[in-house]
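Chemist: My questions will all concern the structure given below.
The values are calculated or read from the model by the stated rules, or taken from the named source; none is laboratory data. Only a predicted model underlies this, so the values are computations on that prediction, with no experimental measurement involved. Because the Cβ atoms are built from the backbone with ideal geometry, glycine has one as well, and the counts that use them run over all protein chains shown.
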Amino acid sequence: MSGEDLFSVKMRASLEEDGVARHISGAEKILSERQVYSCVNSLIERGLHHDKGEADFLNLKIEKVKAEEIVYFDALKVTTVDVDSCEEGLKEIDKFLREINAPDYTLIKPFLEETYSMRGAMLLDVNKLIRLEPDPQRGIRATYMDQERSSGELVSNSKNHYEEAIVLATKVVNCPGIIGEICISDDPQYVTGYVASKEVGYRRITKLKEMGSENGGRIFLFDSNKATVEEAIEFLQKRKVIVRHLVKLASSAPAREDPMETLAAYNDSLKEKNLYRSMKSIDSAQTSHIFMDGREYVLMASNSYLDLTTHPYMLDKTYEALLKYGAGSGGSRLTTGNTVMHDALEAKIAEFKNTESCIVFNTGYVANLAAISALMRGGGIIFSDELNHASIIDGCRLSKCKTVIYKHNDMADLEKKILENPCDFGLVVSDAVFSMDGDILNLPEFMRICKKHRLLSMIDEAHSTGVIGKTGHGIIEHFGLDTVPDVLMGTLSKAVGGEGGYVCGSKVLTDYLRNTARGFIFSTSLSPAVMAANLAGIELIQREPERVKALQDNVVYFCNCLKEKGLDISSETAIIPIVIGDEKKALDVSEALFNSGFYISAIRYPTVARGKARLRVALMSSHTHEELQRAAELIADQIV
Ligand SMILES: *Cc1c(COP(=O)(O)O)cnc(C)c1O
């Protein structure tokens, strides 16, 4: 609505107490003439009858504002950071300060505390850390601003703190020299505050002080190299600013679509992109041969690499535990859900992994989520391989820590990133065997770097345990190392043939996780029968190392078959990726193989990058050479 003369309307109401005028309420708007008439009544009403007291003095000022005096800015984009505590909230302020290259929060904090008694804001020179307001008692007030209104729009007569704050912040961050703003409300009932800058936008932080506290204030962070104090004050106090495109809070937003329609539309969009997932239902046990809809298939997509799920010993042990302990565990590990079977399994895994201790989680996914978020609960930096499993990524997200992604299995890049991101406490985390590419982490170099830089080292052995190393003990055996990562995570649901996840390491580590890992503490434990199955699975890997050998031989044999058919594909693990690229083509090839009786999954985005769709062949120790030969032929027919 540029081009039209408008009116600035300001209302200020106060009450005299002991000879001093106490502020009761205030408001300011920039309106068309018509809107002024309808608005002043409600402003008077608001000023005279306020919760904070009945005012005895009301000042109403109406000034004409010429069209050419007005500048327009787009409203800052609003985001919200949900935090659980003040400490977390203040950390967000620190993060913001770093984003805008301002001094650390430790340096800003004393100034923020000085603002608690001020009516206006502090203008702080971030270069010299000195205050610049001419009147330090009052501080600086930004004025002459409003949101854009269409001329027909009625002006709401209730105060909207949220909209007013965005209007103010938008004016402030557009002021010459100001690089950002920090605001904590002095309203004892209101603990949400915000930080704002042109780049960051308006970022609400849901907790910046304790409920009931009046310790609020406002700092404008000023870069004295960019403008003079006079220019800034002139802008804040005199410039007429109208803020455009302000997005209203949900309550005043226009009617939304039916939420289910939104979900349905998303499903449809996935279908269009060949990214929609549907499930096949297997009607037999997870072995190298399965049945679906009455037809038999060779299964070359399972993570049950050693084909243990139907091993007679496994079934006997599971059945025995089922009869003795029943079907469910009835509680979390820390309450009633811990049995001698759980203890025995943890002891067994620790023995198998040659570590002091072990803690079992309900799945590998939860193990990563719970362990990473617990380890990093005090802050720090995580260094994570770009191809790490989703559960690691989600663990990093849940930790809310800065996560630095390094190039896949590129130890030089890892070290470079570590040097570029100094920290007091850090974690480096990687898959041992990468779940979609089947390649192996360069563990010796990984360990060297972690030790050198004193960072926690964590590996995920989901596809390593039972698969690599001469006797299937995993990546450490594979490399013949004598140093072990601090955190050895893995799953019981793949080669072991059962269910669950684990973390092995020192007793200090597992004690810590038992006390802090929320995925451990707040979830009912797996049943004792499942523990028995896992225990049997590990015993079988130890007792029947020929299974591991058979699997490793099958890998070599199958890769040779592919090579003979013109597909130059190699792998040292049970995962053999055959990259096709196009999502639709990968699906078609998988479907054709399926029609020929071979179940081999097509893996697409988001499991792998867009345009990197692939067949993911997963071998078992029990596949026969004939089956492998035939599969290689069929695959080659489809794609060579
Ligand atoms: C499968 C997998 C997990 C998750 O383990 P679940 O027991 O299936 O939840 C974690 N990390 C990697 C690398 C995996 O492949």
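Chemist: So which of Asp394, Asp385, Asp424 ends up being buried (at least 22 other Cβ atoms within 10 Å of the Cβ) and either over 27 Å from Phe522 (Cα atoms) or within 14 Å of the ligand (Cβ to nearest atom) (or both)?
Modeler: Of the residues listed, the single one that is buried (at least 22 other Cβ atoms within 10 Å of the Cβ) and either over 27 Å from Phe522 (Cα atoms) or within 14 Å of the ligand (Cβ to nearest atom) (or both) is Asp385.
Chemist: State which residue pairs qualify: first residue more than 18 Å from Lys402 (Cβ to Cβ) and of a type in the set (Ser, Thr, Tyr) and inside region 359-382, second residue within 8 Å of the ligand (Cβ to nearest atom) and in a helix (DSSP H, G or I) in any location, beta carbons under 6 Å apart, and separation of 6 or more residues or different chains.
Modeler: Listed pairs, sorted by first residue: Tyr365/Ser391.
Chemist: Say we look at region 480-492 and pick out the residues that are assigned to a loop (DSSP other than H, G, I, E, B) and of a type in the set (Val, Ile, Thr); which of these is farthest from the ligand (Cβ to nearest atom)?
Modeler: Looking at the filtered set, the residue picked out is Thr483.
Chemist: Yes or no: Leu334 away from the ligand (no atom under 16 Å from the Cβ) and assigned to a loop (DSSP other than H, G, I, E, B)?
Modeler: Yes.
Chemist: Taking the condition of being on the phi < 0 side of the Ramachandran plot and surrounded by fewer than 24 Cβ atoms within 10 Å (Cβ to Cβ), how many residues in region 458-475 meet it?
Modeler: 3
Chemist: Still on this structure, I have one more. Out of region 115-129, which residues are touching a strand residue (DSSP E or B) at 6+ places or on another chain (Cβ under 7 Å) and either free of Cβ contacts under 8 Å to residues at least 12 places away in the same chain or not in a loop (DSSP other than H, G, I, E, B) (or both)?
Modeler: Answer for region 115-129, where residues must be touching a strand residue (DSSP E or B) at 6+ places or on another chain (Cβ under 7 Å) and either free of Cβ contacts under 8 Å to residues at least 12 places away in the same chain or not in a loop (DSSP other than H, G, I, E, B) (or both): Thr115, Tyr116, Ala121, Met122, Leu123, Leu124, Asp125.
Chemist: Further, regarding this structure: Part of a loop (DSSP other than H, G, I, E, B) and more than 16 Å from the ligand (Cβ to nearest atom), is that true of Ala327?
Modeler: Yes; evaluated as a whole, the condition is true for this residue.
Chemist: List pairs: first in region 335-353 and farther than 12 Å from Leu526 by Cβ, second of a type in the set (S, T, N, Q), Cβ under 6 Å, 6+ apart or cross-chain?
Modeler: Final answer for the pair search is Ala350/Ser357.
Chemist: OK, next. Quick one: which of Ala550, Ala495, Ala533, Ala529 is in a loop (DSSP other than H, G, I, E, B) and of a type in the set (A, V, I, L, M, F, W, C)?
Modeler: Unique residue meeting the criteria: Ala495.
Chemist: Restricting the search to region 137-159, which residues are β-branched (Val, Ile, Thr) and at pLDDT below 85?
Modeler: Val155
Chemist: Can you pull out the residues in region 427-456 that are of a type outside the set (A, V, I, L, M, F, W, C) and within 16 Å of the ligand (Cβ to nearest atom)?
Modeler: Ser430, Asp431, Ser435, Asp437, Gly438, Asp439, listed by residue number.
Chemist: Across region 203-220, what is the total count of residues that are part of a strand (DSSP E or B) and under 13 Å from Glu92 (Cα atoms)?
Modeler: Counting residues in region 203-220 that are part of a strand (DSSP E or B) and under 13 Å from Glu92 (Cα atoms) gives 3.
Chemist: Still on this structure, I have one more. Could you look through region 102-114, keep only residues that are free of Cβ contacts under 8 Å to residues at least 40 places away in the same chain and exposed (fewer than 15 other Cβ atoms within 10 Å of the Cβ), and pick out the one that is farthest from the chain's Cα centre (by Cα)?
Modeler: Pro110
Chemist: If you check every pair at least six apart or on different chains, which have Cβ atoms under 7 Å apart with a residue in region 422-446 that is without any contact (Cβ under 8 Å) to a residue 60 or more places away in the chain first and a residue that is surrounded by fewer than 21 Cβ atoms within 10 Å (Cβ to Cβ) and in a helix (DSSP H, G or I) second?
Modeler: Taking only residues 6 or more apart or on different chains, the pairs are Asn442/Met411; Leu443/Phe479; Pro444/Phe479; Glu445/Met411; Phe446/Met411.
Chemist: Restricting the search to region 554-589, which residues are crowded, with 23+ Cβ neighbours inside 10 Å and among the hydroxyl-bearing types (Ser, Thr, Tyr)?
Modeler: Thr573
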